Every structure is written in C-alpha cells, then in structure tokens.
Amino acid sequence: MEIIGKTESLCPVCFRRIAAERIVEDGKVYLHKTCPEHGEYKVLLWRRDGQDFLDWAKDAVPGSGALRNAKAIDKGCPFDCGLCPDHRTNSCTMVVEVTQRCNLNCPICFASAEEDHAGDPGMETIRRMYRNVLESVGKPTIQLSGGEPTVRDDLPRIVAEGREAGFEHILVNTNGLRIAREPQYVKQLKEAGVSAIYLQFDGVSDDVYRHIRGRDLFEIKKQAVANCAREKVGVVLVPVIIPGINTHQLGDIVSFAKEWLATVRGIHYQPISYLGRYPQAPRDQDRFTIPDVIDALEEQTGGELSRRNFLPRHAQDAHCSFSSFYVLNKEGKLRSLTDNSRRQMTANDAPEKASRRFMSIHWRHGESRGCCPGNDFFARVITNSLTITCMPFQDIWNLELDRLRGCCGHVVRPDGRIIPFCANYLTNTAGERLYPL
C-alpha cells in the first residue's frame, strides 16, 4: 500500500467528519477512511495507477470564489454550505429545482422525485432564487431541473424570467416524455429563450431503460430529439452509466449523436453515484471511474476516440470531470480538436468561467447560430461539432472534502442557500440527506 494524498471525508453512517487517505493498491487508487464508531471503509476512486491519478491534476489552478458568501464558517465543511467562505470556486452550473414532481418512477433517482409531490415553488420564489444566484455567483449556466420540470405548464415562463434576469444560457433537464409528446411545447421553450435540452439518455435499447427507468423509452427519446431538431433546439445527451447494464453502449451513444448533428451538441456521461439508501459499501465492480469511461470510449469506437482527446477539468478538483471537442469530417469520422496536453486551455480565465464559456458556445443548436460564409471548415465546426464530457458525482462513500470545496456545480435552494451538487444530494446508509429538502 502506498499513500499518495490525504484529505477528509464523512462517515457513511453518522456523517461524522473523518480523516481519509488516497492509497494505491494493485495498480488502482482507493479512498481509505475510518470512523471510530462505525469502522473502516476502502472505496475505489481511479482504476489506474497512482501516477496516472496524480498526473491528471498536475496543471490544476484555483477557482475564483463566490461573489458573496451567505453563510459564515461554523461547523466546517460540509456543514456550512450557503456558500461559506471556505468554498474555493465560483459556479459554472446552477441547478434550479422548479418541482419535486415527476412523470416517471425511476428505480434510480438521485432527486427522489415523486409523481404526486406537492408544493412547487411559485414564480416569486423562483425570481428570488434567480436574484440570489446573480448576487452570489454572477451568471452561470442555469439548469432548470426537479423532479421533472416539464410537468409545469408555466416552464416557458420560468425560462423567460431567467432570460429577463440576465442569464444567457438556460438548459432544461428532462426525461423527454413531454418533449416527445408535444412538439408545440418545444416551440414554446425555444421562444421563451431556452438554450438547449439536457436529455436523460441512458442507451440505445429498451432493456437499458427498463432496468434504469422502469419502462421502454428508446423510441420516446428518439422522438424527443427529432422534435428538438424540428425546432432547431440543441440537445445534450445525458447517460447514467451503470456497470453491467449499459457500459457496453457508450460507443453506440456516440454513433447515435453523430446521426443527429447539429441537433445533438454533446454527450455528458454520468457514472452512477450511490445516493439514496445503500447500507453496504459499493464494491469495486459497482464503480465506473473516469479511466473506465475513457477506455470504453476508445475501445467501443475502434480508436475513433482516443484517451489523448480528453482534458481534465482545469481546476483543483480535476478528478471530477473531463471534456473533449470533436468535429465530424466529410468521411463521417470524429476529428478531435482537443488533446490532453491541455495547452489549449485558456490560462487567463478561472476554470469555472472557462466551463461557462464552453457550455454556452458548444451546447446550442449549430444551424441556429450561423458562421463564416464561404469557410467550409469553420461552418463544420459550428454545425457538425460534438462535445463529450463526463462527471461522476461524489457520494457518501467516495466523498473527498477538498474536492467538494472546489466544486463548481451548485444547487440554489428556495431559501437562498447555494449548495454544491454533491453535498445537496448526499445521503448516508439509511438514505437520510445531509441537506434535507
């Protein structure tokens, strides 16, 4: 066993803050921690060796911090989220939950959404949430979420309110059921100012959806994409990756995206996080780490995508994500415009600002933007480009508090608090939330 780093974490049972170490065993990186009351835990972080883990973050830079801290430091991270002065990074993405209701009952749901949940926030509450975001962190990408936000008939008005408040990039996180069923609803969202649809998209066969979502959905997903294409609204496909269920379809999802350029603007892979009630620690084979995603993409695309294409996040929590950018050439192959030297990153910007710009530029429908008449290459960059990104959210088992302090994905609460995504949905072994609704 080799120790390659130290951090802090939480006990999966009692939420006690405890010391933790990053260790290397058998060519893999683990988080090792011990609660004096509930015992020892060892959780897989990285399915490559320690040097690869360290190299991934070697050029990381600090974030810029919030514009305004709403909470003072009292109990320490992660118990003072608001944001508190201990949080190092401003927001790249802000989730605004507009409902806890949902029109699906997925076996796997980090939000614990329910069909008959009452109490959607009113428009004045949503306006107040928008104001709190502006005053605290500026203008990140807004993701209207839930629950399932399209169950609200007034969602177009919520989009319009966000644009009127000054937010330039607004996504709707959706399972696609209403988008597929009601083309007019897509048109209303576009007219209100939506930038793109952030579409739950776990695979290309119904057996995947039956396991993860409880019903056949693939034809509905395709219809949702088709309706967005008709209205020239960009789509980002968002697969939750579960070992043994859909890990063999990562390359097939890339092929689907290629068929739908310039509507599909990106794929954002999300390896499963064990949020909810998990009395026992997930096993190594239950984890799908960033190296696993990269290796699967390279293998399943026959080398069309290569590990050298993927850039670590240019921030202190670099192990939270990767990004890449491709253009489809005339031969039907994806040509990478990124490589993992990361020299192409903009060094003058804080990482969260670079992330905001990346999403705003690349996650909009290509044909709706227009560019460069007479220049075939740059026209293809606009209309035939694809981003491939990944973010495995932390759970109670693999939580590292130094990574959490650098998180740029946040959730704004109706009471005005801004909480890092992984803290907002964090649950212990009994399914109790660190930050209850």
Practice problem: Could you please give the count of residues in segment 148-192 that are in a loop (DSSP other than H, G, I, E, B) and surrounded by fewer than 17 Cβ atoms within 10 Å (Cβ to Cβ)? | Solution: 5
Quiz item: What do you reckon, is Arg210 part of a helix (DSSP H, G or I) and free of Cβ contacts under 8 Å to residues at least 24 places away in the same chain?
Solution: yes
Quiz item: Among the numbered criteria (1) part of a loop (DSSP other than H, G, I, E, B); (2) over 30 Å from Glu135 (Cβ atoms); (3) of a type in the set (Asp, Glu); (4) out of contact with any Asp or Glu (no Cβ under 8 Å at 6 or more places or on another chain), which single criterion is violated by Asp216?
Solution: (4)
Quiz prompt | Sole residue being in contact with a strand residue (DSSP E or B) (Cβ under 6 Å, 6 or more places away or on another chain) and closer than 24 Å to Ile220 by Cβ, chosen from Val172, Val96 | solution = Val172
Exercise. State all residues of segment 193-207 that are touching a Phe, Trp or Tyr at 6+ places or on another chain (Cβ under 8 Å) and not in a loop (DSSP other than H, G, I, E, B); if no residue qualifies, say none.
Key: Ala196, Asp206
Quiz item: Looking at segment 408-416, is at least one residue assigned to a loop (DSSP other than H, G, I, E, B) and buried (at least 24 other Cβ atoms within 10 Å of the Cβ)?
Solution: yes
Quiz item: Residues Lys232, Lys187: which one is at positive phi and among the charged types (D, E, K, R)?
Solution: Lys232
Practice problem: Starting from residues that are of a type in the set (Lys, Arg) and part of a loop (DSSP other than H, G, I, E, B), keep the ones in segment 1-59 and report whichever is nearest to the chain's Cα centre (by Cα). | Solution: Arg47
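Rule-based calculations on the coordinates, nothing more; no lab input. What you see is a predicted model, and the numbers here were worked out from it, not measured in a lab. With ideal geometry, Cβ positions are generated from the backbone for all residues, glycine too; neighbour counts draw on all protein chains shown.
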